[in-house]
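Written below as structure tokens is the structure these notes are about.
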Amino acid sequence: MSGTLKKWLLLIGLSLIWGSSFILIKKGLVGFTPLQLGALRIVLTSLILFFFGFKTLKKQAKTTLKWIALSGFLGTFFPAFLFAFAETEIDSAIASILNSLVPLNTVIIGIVVFKMYFSKKQFAGVFVGLLGTIFLIVSGASINPDQNYFYALLVLTATFMYGLNVNIIKRYLQEVPPITIAVGNFVFIAIPALLVLVFSGFFNQDVTQSPSFPSAFMYIFLLSLLGTALAKILFNNLVQIATPVFASSVTYLMPIVAVMWGFLDGEVFSIWQALATVLILFGVYLANSK
């Protein structure tokens, strides 16, 4: 398989997987609190990855472990909770669209932290993308007055963390096998997540014996297996064989999948939100220009 074909197959596959993650989070919140959902997602993913790839970490140089740990917290641990809390107040489709700011933030962080070249076109892209974000949040708040769109800031925070993570993987973990990065991430975040799960009251009878527990657990298991464990390995692989911007461009396609799921679940999506989405994606396109 050629490198170009592999990059595009990974990009499309990740778009389908991650685009479906937002509706799985929404369904999981029916039975769990945001803390329980985020922690359970990490714990289940840890068990899956440790079963298949724990041995790969033993061969890893100690000098890269700090970057693997930082990648785990920025790329998985904190975003898992941020998205769970955000979707208690905003629609899953809106969360996915805001998540499309990851490529834009990847560029901003690359410029500010890693001293990348900054062109006028990229500056225009950042401005347009942020304008579209404001438009999306304001229009969403007017259409859904019962939703608290301040929670959109949680998604924006997660996108900055994702942008940092992409740059860290590309700069410091380029030669580390994708499965090793994924397993290493969860070695460092599994124990904190387990502690959160225990103290969140997850193991109380009123949670485990509730009618919504089986279906909610099934949704989070699918989210852990596909949307976190498998996707983490695929994404790390994509970052290594492509540029950080191409890898983070998976968020261009994710909203299409997520909005379709949202429609099927009865979420309202207006023409103004569609225009705001176009603005965001156009800004991301400009910001990613060479």
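The values are calculated or read from the model by the stated rules, or taken from the named source; none is laboratory data. Note that the structure is a prediction, hence the values are computed from the model and not measured. A quick note on method: Cβ atoms are made from the backbone with ideal geometry, for glycine too, and the neighbour counts reach across all protein chains shown.
Out of I256, I220, I need the residue that is farther than 26 Å from T106 by Cβ, under 17 Å from the mean Cα position of the chain (by Cα) and aliphatic (A, V, I, L, M). Which one? Just a single option satisfies the conditions, and that option is I220. Can you confirm whether L40 is under 22 Å from S96 (Cβ atoms) and either modelled with pLDDT of 90 or more or not in a helix (DSSP H, G or I) (or both)? Judged against the criteria, L40 is a match.
Scanning the stretch 1-15 for residues that are over 13 Å from F235 (Cβ atoms) and either at pLDDT 90 or above or polar (S, T, N, Q) (or both) gives S2, T4. In the stretch 210-230 there is no residue that is farther than 19 Å from L98 by Cα and touching a Pro at 6+ places or on another chain (Cβ under 9 Å). Of all residues in the stretch 178-198, those being of a type in the set (V, I, T), modelled with pLDDT under 95 and buried (at least 21 other Cβ atoms within 10 Å of the Cβ) number 3.
I need a count of the residues in the stretch 163-210 that are out of contact with any helix residue (DSSP H, G or I) (no Cβ under 8 Å at 6 or more places or on another chain), closer than 15 Å to Q240 by Cα and in a helix (DSSP H, G or I). Within the stretch 163-210, residues that are out of contact with any helix residue (DSSP H, G or I) (no Cβ under 8 Å at 6 or more places or on another chain), closer than 15 Å to Q240 by Cα and in a helix (DSSP H, G or I) number 1. Among the criteria (1) surrounded by 16 or more Cβ atoms within 10 Å (Cβ to Cβ); (2) within 22 Å of N105 (Cβ to Cβ); (3) modelled with pLDDT of 85 or more, the one T157 does not fulfil is (1). Residues that are surrounded by 13 or more Cβ atoms within 10 Å (Cβ to Cβ) and part of a loop (DSSP other than H, G, I, E, B) within the stretch 211-234 comprise just one, S212.
Of all residues in the stretch 111-129, those satisfying the criterion of being buried (at least 19 other Cβ atoms within 10 Å of the Cβ) and either at pLDDT below 75 or among the charged types (D, E, K, R) (or both) are Q122, V126. Taking the numbered list (1) part of a loop (DSSP other than H, G, I, E, B); (2) at pLDDT below 85; (3) of a type in the set (V, I, T) in turn, V107 passes all entries but (1).
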